[in-house]
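Colleague: Right, I'll just put the structure down here and ask away after.
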Amino acid sequence: MSSPARPLALVTGASSGIGADLARELARDGHDLVLAARSVAPMESLAAELAVLGTGTVVIPADLSEPGGAAALANAIEARGLTVDVLINNAGLGAVGRFDQADPRRIGDMLQVNIVALTELTRLLLPGMVARRRGKVMLVASTAAFQPGPNMAVYFATKAYVLSFGEAIAYELRGTGVTVTVLCPGATATDFQRVAGTSELIFFSSAARHVMSAAAVARLGYRGLKAGRRVIITGLLNRIIALGGRFAPHPISLPVTQALMSRR
């Protein structure tokens, strides 16, 4: 499917939102694609849309909330004889509610998708990139990564892991020809809010003007990925809030957290 002249990018969580728009950015810049998510029909529609640009696309159904999901996806790619040059770890789950009242299954799914599958897929594909001395990895985190998040405690904590993990391996891979970029969007207008339940929170009910489009986030993220930047926080307000959360004492930063409910 992928021609030798066209690099191949894998995008997880590619059925909608930031993942779909990152796929569009990659296609416009001459990449062929592997799209992976649970919902096949939206990915097939996206593949048909991108075919107009001459993009070759493979659609692979993948449920990264299942143990072994990342390995199954990597095996499916290998079985097709494909070599991934760009990995976009975009799949993510969220949920709102007090931790002691949260659904244990939902907590497990968040940990599996946001941390375990992301880490496993990166580990499976990274050695090949290093051996070829070229490649790019994007980990999609959130401005939630910069501070604790009451009522989304597990989600915020998983995104803190993604940011820490990404910054660490970016440092480790200096001089290998492989770059790692962590994308940290703030509130983004996608289906994530409906699924996670964030639409009930104050940021979405009273400050919608600060919510970025998925297309804008993807455009800024892809620009940073190409440049090899380690961390990208989309939007000036998001940068101020995120960096304030990182350096301010927690009793000050926690109220700000309520305005951040996050990214996809």
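The values are calculated or read from the model by the stated rules, or taken from the named source; none is laboratory data. All figures in this text were calculated on a predicted structure; none of them were measured in a lab. No Cβ is skipped: glycine too gets one built from the backbone with ideal geometry, and neighbour counts run over all protein chains shown. SASA here: full protein model, heavy atoms, side chains in, ligands and nucleic acids out. Shrake-Rupley method; radii C 1.70, N 1.55, O 1.52, S 1.80 Å.
Colleague: With the convex hull built on the Cα atoms of the stretch 1-73, state its orientation-averaged projected area in nm². Walk me through the numbers before you get to the answer.
Modeller: Numbers: hull surface 18.3 nm².
That works out to 4.6 nm², a quarter of the Cα hull's surface.
Colleague: Leaving out ligands and nucleic acids, and using a 1.4 Å probe, what accessible area per residue does the stretch 1-103 come to in Å²?
Modeller: Numbers: 4270 Å² over 103 residues.
About 41 Å² of surface per residue is accessible.
Colleague: Filter the trypsin sites (Lys or Arg not before Pro) in the stretch 124-177 to those in DSSP coil with at most 10 other Cβ atoms within 10 Å of their Cβ, and list the result. Let's see the in-between values first.
Modeller: On the way: sites: 132, 133, 134, 136, 159, 174; in loops: 133, 134, 174.
Listed in order of number, the matching sites are 133, 174.
Colleague: Using the Kirkwood radius over Cα pairs, work out the Stokes-Einstein diffusion coefficient for the stretch 49-134 at 25 °C and 0.890 mPa s, in µm²/s as a whole number.
Modeller: Details: Rh = 14.8 Å.
Rounded, D is 166 µm²/s.
Colleague: Which percent of the accessible area of the stretch 1-57 is formed by carbon and sulfur heavy atoms (probe 1.4 angstrom)? Write out the running numbers ahead of the final one.
Modeller: Details: 1120 of 2190 Å².
Reported share for carbon and sulfur atoms: 51 percent.
Colleague: Okay, next question. Could you give the distance between the Cα centres of the stretch 49-99 and the stretch 147-178, to the whole Å?
Modeller: The stretch 49-99 and the stretch 147-178 have Cα centres spaced 19 Å from each other.
Colleague: Quick one: Cα convex hull volume of the stretch 1-159, Å³ per residue? Display every interim value, and only then the final one.
Modeller: Details: hull volume 17.3 nm³, N = 159.
Per-residue hull volume (Cα only) is 109 Å³.
Colleague: Using a 1.4 Å probe on the protein heavy atoms only, what accessible surface does residue 16 show? Give it in Å² to the nearest 10.
Modeller: It works out to around 60 Å².
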